[in-house]
Each structure stands twice: as C-alpha cells, then as structure tokens.
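Trainee: The structure follows.
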Amino acid sequence: MGSQTFNIAALAGDGIGPEVMREAIKVLRAVEKKFSLRFDITEAPVGWAGIDAAGQALPDATLALCKKSDAILFGSVGSPERDPTIPKAERPERAALMRLRKEFELFANLRPVILWNELAHICPLTKERQGDGIDFLVVRELTGGMYFGQPKTSEDFGDGQRRAIDTMVYTTSEIERIAHVAFRAAEERLKSGVRRKGKVTSIDKANVLENGVLWREVVTNIGTQYPNVALEHMLVDNAAMQLVLKPTQFDVLLCENLFGDILSDEAAALIGSLGMVPSASLGAAKENRVFGLYEPAGGTAPDIAGKSVANPIAQILSAALMLLYSFNLYDAHHSIVEAVRNAIVAGQRTGDIFNPADPTARKIGTREMGDAIVAAL
Ligand code: IPM
Ligand code: MG
C-alpha cells in the first residue's frame with residue numbers, strides 16, 4: 001500500500017483558488033510523510049487562468065492531465081467582471097467546470113454540512129434551533145436536470161421579444177443511480193456517527209413538475225432496497241424553510257441538480273461560512289476505485305482574493321474527501337479532519353469564522369491556517 005502512487009491533477013483556477021490550493025497541497029505533503037504515501041501532484045491552469053495561459057477555460061493539456069490522473073483537486077473558477085469579454089459557452093463555469101462534470105460523468109455531488117461546537121457562534125440561527133448540532137450531507141445530482149437538459153436555447157423574435165429555454169429532464173436510471181448514492185451514504189453515516197439518523201430526505205417539486213413525480217416514484221422504489229434507512233419526501237420550497245427552522249431534522253438530503261445547488265448554499269450559510277464546506281463530485285465506481293473531482297463549495301471570492309485572508313479549510317477538507325472516496329485512505333482522511341478540528345479547538349480562525357468576543361480565538365491568515373493544520377497532523 002505504501003508504495004502505491006496516487007496521481008492528482010491540481011487545478012487551482014481563479015480568485016482565492018491558488019491561495020487555498022497551496023495550503024491543501026501543503027497538507028497533502030505532510031500526510032504523505034506521516035503515512036508513507038506517494039502523491040504525484042501536477043498543477044495545471046483552468047478557468048481564466050486557463051484562458052490566459054492557453055486560450056481556453058479548460059486547456060487541452062489540462063484535460064489530458066485530468067484523464068491520466070486518479071483524481072482532480074479543484075480550486076474555483078470564474079470572474080464575473082471579465083465574463084462580458086467572451087461568449088457564454090466559453091466562460092469558465094460552463095467551459096471548464098460543467099464540462100469536467102460531464103466529461104467524467106461525475107453525477108454525484110456530496111457536500112457535508114457540519115457545524116462544530118467551537119464555531120456555534122457563526123451559525124445565524126439561535127442556540128435552540130441548533131439543537132444538538134447541525135450535521136447533514138447534501139447529495140446533489142450533478143449531470144442532469146436543468147443544467148444539461150435539451151433544448152437549451154435563446155431565440156430572438158426580432159420584435160423586441162426574446163425567448164430563453166432551459167429543460168428540466170430526468171430519466172429513471174439517472175434518478176436510480178443518485179438515489180443509491182444517497183441511501184448508501186445514509187447507511188455509512190449510521191455506522192460512523194452517534195447522532196446520525198439513518199434517514200434520506202428526498203427533495204422534489206412533485207406537486208407541479210413531471211420530473212418531480214418521477215423522482216419521487218423512483219426514489220421510493222430504490223428505498224425498498226435499504227430497510228435500515230428511513231425515507232421521507234419533502235417539497236423543495238418546504239425544504240428551504242425547514243433548513244432554517246429545524247436543520248437538525250436532516251441526515252442525508254437527496255436533491256436534483258438545481259435544487260441541490262440552491263439548498264447547498266443555504267446549508268453553507270447555516271454553518272456560517274462557505275469556507276467550511278468541501279465537496280466531492282463522483283462518477284461510478286470501477287473496480288473499487290472512484291474517479292472524482294474535489295472542490296470547495298464556495299467560489300472564487302474575488303473581493304478577498306490575493307489578500308491571504310481566505311479560509312483554506314474547505315479546500316483542505318476537499319483534499320481529505322479525495323483520500324476517502326478516490327483513494328480509500330481512511331486513516332489519512334481521518335487524520336486531516338482531526339487536524340482541522342484541533343486547529344479550530346486551539347482557537348485558530350480565519351476572518352470568516354472569527355469571533356472577537358471569544359478570548360481563546362486568534363485571527364490568522366490563509367497560510368497560518370494551513371501551517372496550524374499541518375502542525376496538528
Ligand atoms: C456549485 C456552483 C456551480 C454550480 C457554478 C459555479 C456553475 O455554484 O458548484 O454549486 O451551479 O453548480
Ligand atoms: Mg452553487
């Protein structure tokens with residue numbers, strides 16, 4: 001095991017991407033030493049960095065690198081003020097991120113949302129609503145629905161009227177495979193956590209949408225294969241409300257693509273900062289190996305980019321998820337999560353999670369947080 005080499009494509013991208021990626025790589029290097037592993041990490045440009053370096057948001061060389069890697073560690077892409085300078089289809093969100101998701105058929109996006117006790121102050125909810133702690137997993141379908149459905153067009157009627165069309169479409173098999181991911185995740189969580197509930201809450205809009213009716217039927221069918229996991233259905237508007245009223249009721253939230261995009265940002269707000277939410281985007285397992293793209297749930301944060309104040313934790317936890325899901329390195333994964341936790345327990349805080357009223361907290365920058373986590377490993 002120790003002699004095995006894991007090939008990682010590290011695509012830092014734009015905005016705070018390079019700063020937080022640097023810290024994640026630092027942590028991976030420390031883990032490599034501690035566990036006698038070998039990570040072959042190759043960095044390549046993506047997003048506007050790709051456009052500037054090679055004229056494409058996903059340069060051919062970057063895509064080629066991803067194809068020969070075991071996993072992709074991704075930063076973030078996009079720069080709204082540069083968008084008007086190029087056609088929509090060439091912009092980083094579509095040409096790099098959505099393209100990678102589709103290219104590698106990364107249909108399952110997992111976003112763990114955990115509020116640690118030490119950070120309870122950054123949760124915008126009252127203490128009572130935080131109950132015994134917020135700890136759930138958003139499982140978002142990532143390659144179907146409104147993002148990719150055809151037709152997807154924009155027409156000009158020439159009389160001052162235009163028409164834009166997006167199509168929300170799901171097939172049985174697309175719903176089945178993401179439902180399996182959610183039920184399996186609920187089973188796994190049940191094994192690992194004391195407070196976990198063994199429950200999947202499936203989100204849809206079955207009262208209005210045809211694809212919602214199908215979603216509900218298919219998820220119900222798949223659920224019968226998982227007798228240890230309870231299944232409930234919830235309409236998406238109600239789910240948006242329940243997340244702020246009683247987030248402790250959730251264990252695994254199963255969502256289609258657009259609903260998952262929206263609800264996962266709302267979920268991140270619950271734990272105070274997008275800088276704390278990692279994500280894994282996974283394809284189908286082949287011979288016990290899963291190819292994945294791992295990225296923070298947050299974006300490029302142009303307002304703080306280059307200032308070395310960004311929180312690197314979401315990027316570091318994304319690297320940890322890579323060790324867990326793509327490399328099956330359970331101990332190494334666990335040790336990163338524990339190190340992050342210990343750095344926080346010790347009072348290390350980037351600005352987004354800093355509370356001046358807490359006498360034990362120390363406000364530090366991006367690099368110092370990376371160093372603190374490495375030191376805690
Ligand atoms: C996310 C992001 C992306 C999405 C954008 C950047 C295209 O918001 O990963 O949640 O909508 O999926
Ligand atoms: Mg989003």
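Trainee: In region 156-200, how many residues are assigned to a helix (DSSP H, G or I) and of a type outside the set (A, V, I, L, M)? Before you say what the answer is, go through the steps one by one.
Mentor: Restricting attention to region 156-200, the residues satisfying the condition of being assigned to a helix (DSSP H, G or I) are 172-192.
Imposing the further condition that a residue be of a type outside the set (A, V, I, L, M) reduces the set to 172-174, 176-177, 180, 183-184, 187-189, 191-192.
The qualifying residues number 13.
Trainee: Across region 277-315, what is the total count of residues that are hydrophobic (A, V, I, L, M, F, W, C) and in contact with an Asp or Glu (Cβ under 8 Å, 6 or more places away or on another chain)? Steps first, please.
Mentor: Let us first name the residues in region 277-315 that are hydrophobic (A, V, I, L, M, F, W, C), namely 277, 280, 282, 284-285, 290-291, 293, 297, 301, 304-305, 309-310, 313-314.
Those still in the list that are in contact with an Asp or Glu (Cβ under 8 Å, 6 or more places away or on another chain) too: 284, 291, 297, 305, 310.
Qualifying residue count for the region: 5.
Trainee: Quickly run through region 5-36 and pick out the residues that are more than 22 Å from Leu63 (Cα to Cα), open to solvent by 10 Å² or more (accessible area, probe 1.4 Å) and touching a Gly at 6+ places or on another chain (Cβ under 7 Å).
Mentor: Across region 5-36, the qualifying residues are Lys26, Ser36.
Trainee: Ok, one more. Filter region 292-320 down to the residues that are open to solvent by less than 30 Å² (accessible area, probe 1.4 Å) and among the β-branched types (Val, Ile, Thr), then identify the one that is nearest to ligand 1 (Cβ to nearest atom).
Mentor: Once the filter is applied, the top-ranked residue is Thr300.
Trainee: Given the conditions (1) open to solvent by less than 30 Å² (accessible area, probe 1.4 Å); (2) within 30 Å of Val20 (Cα to Cα); (3) not small (Gly, Ala, Ser), which single one is not true for Val219?
Mentor: It is condition (2) that Val219 fails.
Trainee: Looking at the structure I just gave you, is Arg22 outside any loop (DSSP other than H, G, I, E, B), more than 23 Å from the chain's Cα centre (by Cα) and of a type in the set (Lys, Arg)?
Mentor: no
Trainee: How many residues are among the small types (Gly, Ala, Ser) and either in a strand (DSSP E or B) or over 23 Å from the mean Cα position of the chain (by Cα) (or both) if we restrict to region 31-63?
Mentor: Count: 5.
Trainee: Under 9 Å by Cβ, and 6 or more places apart or on different chains, what pairs join a residue from region 283-300 that is at positive phi with one that is of a type outside the set (Ser, Thr, Tyr) and away from ligand 2 (no atom under 16 Å from the Cβ)?
Mentor: Sorted first by the residue in region 283-300, then by its partner, the pairs are Asn288/Asn328.
Trainee: Filter region 267-277 down to residues that are within 12 Å of ligand 1 (Cβ to nearest atom) and not β-branched (Val, Ile, Thr) and give me whichever is farthest from Pro312 (Cα to Cα).
Mentor: In this case the residue turns out to be Ala267.
Trainee: While we're on this one: Can you tell me which residue is farthest from ligand 2 (Cβ to nearest atom) among those in region 217-258 that are of a type in the set (Asp, Glu) and touching a residue at least 40 places away in the same chain (Cβ under 8 Å)?
Mentor: Asp251
Trainee: Can you tell me which residue in region 82-136 is most open to solvent (accessible area, probe 1.4 Å), limited to those that are acidic (Asp, Glu) and more than 16 Å from Tyr147 (Cβ to Cβ)?
Mentor: Step by step, filter region 82-136, then rank; the result is Glu128.
Trainee: So which residues in region 241-266 are open to solvent by 10 Å² or more (accessible area, probe 1.4 Å), more than 10 Å from ligand 1 (Cβ to nearest atom) and farther than 16 Å from Ser202 by Cβ, if there are any at all? Even if it seems obvious, please write down each step before you answer.
Mentor: Of region 241-266, the ones open to solvent by 10 Å² or more (accessible area, probe 1.4 Å) are 241-242, 244-246, 248-249, 258-259, 261-262, 265-266.
Subset that is more than 10 Å from ligand 1 (Cβ to nearest atom): 241-242, 244-246, 248-249, 259, 266.
Scanning region 241-266 gives Met241, Val244, Leu245, Lys246, Thr248, Glu266.
Trainee: Which one of these is within 14 Å of ligand 2 (Cβ to nearest atom) and in contact (Cβ under 8 Å) with a residue 60 or more places away in the chain: Asp265, Asp261?
Mentor: So the residue among Asp265, Asp261 that is within 14 Å of ligand 2 (Cβ to nearest atom) and in contact (Cβ under 8 Å) with a residue 60 or more places away in the chain is Asp261.
Trainee: What number of residues within region 267-291 are open to solvent by 10 Å² or more (accessible area, probe 1.4 Å) and hydrophobic (A, V, I, L, M, F, W, C)?
Mentor: Residues that pass the stated criteria total 8.
Trainee: Can you tell me which residue within region 348-370, out of those that are part of a helix (DSSP H, G or I) and touching a residue at least 40 places away in the same chain (Cβ under 8 Å), is most open to solvent (accessible area, probe 1.4 Å)? Steps first, please.
Mentor: As a first pass, look at region 348-370 and keep what is part of a helix (DSSP H, G or I): 351-353, 366-370.
Narrowing the set further to residues that are touching a residue at least 40 places away in the same chain (Cβ under 8 Å) leaves 351-353, 366-367, 369-370.
Working: Gly351: 38, Asp352: 58, Ile353: 0, Thr366: 2, Arg367: 112, Met369: 0, Gly370: 0 Å².
Ranking the qualifying residues of region 348-370, first place goes to Arg367.
Trainee: Keeping to region 137-155, report how many residues are crowded, with 16+ Cβ neighbours inside 10 Å and outside any helix (DSSP H, G or I).
Mentor: Summing the residues that are crowded, with 16+ Cβ neighbours inside 10 Å and outside any helix (DSSP H, G or I) in region 137-155 gives 10.
Trainee: Is it true that Leu323 is within 30 Å of Asp371 (Cβ to Cβ) and either open to solvent by 20 Å² or more (accessible area, probe 1.4 Å) or away from ligand 2 (no atom under 16 Å from the Cβ) (or both)? Before the answer, list the steps.
Mentor: Details: within 30 Å of Asp371 (Cβ to Cβ): yes; either open to solvent by 20 Å² or more (accessible area, probe 1.4 Å) or away from ligand 2 (no atom under 16 Å from the Cβ) (or both): yes.
Taking the combined requirement at face value, the residue satisfies it.
Trainee: I'm told Asp204 meets every condition in (1) surrounded by 23 or more Cβ atoms within 10 Å (Cβ to Cβ); (2) more than 30 Å from Ile316 (Cα to Cα); (3) within 16 Å of ligand 1 (Cβ to nearest atom) except one. Can you identify the failing condition by its number?
Mentor: (3)
Trainee: Tell me which residues, restricted to region 145-165, are within 16 Å of ligand 2 (Cβ to nearest atom) and at negative phi. Don't jump to the end; show me each part of the working.
Mentor: So in region 145-165, the residues within 16 Å of ligand 2 (Cβ to nearest atom) come out as 145-148.
Residues satisfying the conditions are Met146, Tyr147, Phe148.
Trainee: Pull out all pairs, ordered by first then second residue, where Cβ-Cβ is under 7 Å, the residues are six or more apart or on different chains, the first lies in region 32-56 and is at pLDDT 95 or above, and the second is polar (S, T, N, Q) and assigned to a strand (DSSP E or B).
Mentor: Within 7 Å, the pairs are Arg38/Thr5; Asp40/Thr5; Asp40/Asn7.
Trainee: Just checking, how many residues over region 64-81 are open to solvent by 40 Å² or more (accessible area, probe 1.4 Å) and part of a helix (DSSP H, G or I)? Full working, then the answer.
Mentor: Filtering region 64-81 down to residues open to solvent by 40 Å² or more (accessible area, probe 1.4 Å) leaves 64, 67-68, 70, 80-81.
Next, from what is left, pick out any that are part of a helix (DSSP H, G or I): 64, 67, 80-81.
Here the count works out to 4.
The values are calculated or read from the model by the stated rules, or taken from the named source; none is laboratory data. In this text the structure is predicted, and so the values were computed from the model without any measurement. Every residue, glycine as well, gets a Cβ built from its backbone with ideal geometry; the counts of neighbours run over all protein chains shown. Heads up: the accessible areas ignore ligands, DNA and RNA and are worked out on the full protein's heavy atoms, side chains in. Shrake-Rupley method; radii C 1.70, N 1.55, O 1.52, S 1.80 Å.
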